[in-house]
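In what follows, a structure is listed as C-alpha cells, so that the remarks can point back to it.
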Amino acid sequence: MFKKINITSELIKERRKIFKAEDFILDEVKSILNSNLLKEANILENLKFYKKTFELLDEESLDRNFIFRPEEIKTICIKYRLRFLDSQFYKGEIPYESVLKIKDLNTKHHKDLKGFKVLATKENFSQKEKNNSPALLFSKTLTGNYYLVHTWGSEFKWYRKLFLFPIRTFETLFLSIAFLTLLIDLTLPVRWITLDHSAPYWCGYRIATYFHLLIFISGFTVYFTFAFNKNFSKSEWNNDGT
C-alpha cells in the first residue's frame, strides 16, 4: 500500500486497463496503411510522409512493452500532475545514457530520430535547479504512439496520487470539497450547530450546516485557485507555459 510510485509501471498498468482487441486491430491497420504509403509507386505522392519515416520509429521493430498510446500517457499525467512536452522545454539535465540509447536506436533502425518528448513534473520544465523527480524520454512512432527510450530520477512517494486527486479536474475538486465538508460536518457537536438543546445528532440543523459549510469552503477554494493561478491537471498536462 505504501510502496513508492514507478511511473513506467503505472503506464503499463494503464495500458492493461484500457487496451482492447480493437486497439490491436487498429494498430495493424495503421501499419498496413503506412506500408502502402511507402510502396515504390506511392513514395512521390507521399513524399512528406516518406521523409518522416527517417525521423520516427517503426513499431514493428520495437519491443511493444515500451510502446504507449497518447491517451495512456495523458491519463497518467492527469493522475500524477505531470507534463508531456517536447524535450526542448525540459530544463533539467538529460542523462548521457539517454543520448547513447538514441544513438543506438539510430544505428539499429537506420534513423535520424527527432521530435522527442519528456514526461516529468512541472518543476522540471520551469526551473533549472536540480530536481531528482522521475522523468521519461519518449520517441514518436509512425503510428502516432510513443516509444519509451529512457527513464531517470527517483520514484514518487506513495501518497502523490491521493494528495493531487482534488486538482485533476473540476469534477474531482467538487467531490473532494463535498467529502471534506461532510467530514467536518459530522465531527461538529450538536451544541455548535444549534441552540436547541433538545435537537438530536441527526437533525435538520446538521443538514443546513453542511450546505453552509459547502458554500464557504467552495468560495475559499475558488479564491485560492484564482489567487495562486492553479490550473487543473487536465489542462496542465500538455501546457508548455510555465
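We did not get these values from a lab; they are worked out from the coordinates using the rules stated. In this text, all values refer to a predicted model and were calculated from it rather than measured experimentally. Positions of Cβ are backbone-derived with ideal geometry, glycine not excepted, and every protein chain shown enters the neighbour counts.
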Task: From phi via Karplus (6.51, -1.76, 1.60), per-residue ³J(HN,Hα) for the range 81-98 in Hz, x at Gly/Pro - done: 6, 10, 10, 10, 10, 4, 4, 5, 8, 6, 8, x, 8, 7, x, 4, 4, 5
- [ ] Give a quick list of chymotrypsin sites (Phe, Trp or Tyr not before Pro) in the range 136-197 that DSSP marks as loop, anything other than H, G, I, E or B, with at most 11 other Cβ atoms within 10 Å.
- [x] Y159
Task: Inter-centroid distance (Cα atoms) of the range 217-237 relative to the range 143-163, Å - done: 24 Å
Open item on the list: Once you order the gyration tensor axes a ≥ b ≥ c over the Cα atoms, which shape class does the range 170-242 get: rounded for a/c under 1.5, otherwise prolate or oblate by comparing a/b with b/c?
Closed with: prolate
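Among K3/K79; K101/K234; K13/K79, which pairs are too far apart, with a Cα-Cα distance over 20 Å?
Working: K3/K79 16 Å; K101/K234 31 Å; K13/K79 13 Å.
Beyond 20 Å: K101/K234.
Which whole-number percent is the relative contact order of the range 164-236 (Cα, under 8 Å, 6+ apart)? Could the numbers behind the result be given before it?
Values: 42 pairs, mean separation 29.5, N = 73.
RCO, the range 164-236: 40 percent.
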- [ ] Using the structure shown, select from K4/K140; K91/K230; K74/K103; K4/K103 the pairs with a Cα to Cα distance greater than 25 angstrom.
- [x] K4/K140; K74/K103; K4/K103
- [ ] For the range 152-168, take each phi angle, set θ = phi - 60°, evaluate the Karplus expression 6.51 cos²θ - 1.76 cosθ + 1.60, and give the result in whole Hz per residue in order, putting x for glycine and proline.
- [x] 8, x, 7, 7, 6, 5, 4, 8, 4, 4, 5, 5, 9, 4, x, 9, 5
Open item on the list: In whole Hz and in residue order, list the ³J(HN,Hα) couplings for the range 137-147 that follow from phi through the Karplus curve 6.51 cos²θ - 1.76 cosθ + 1.60, θ = phi - 60°; x for Gly and Pro.
Closed with: 9, 10, 10, 6, 9, 5, 8, x, 8, 10, 9
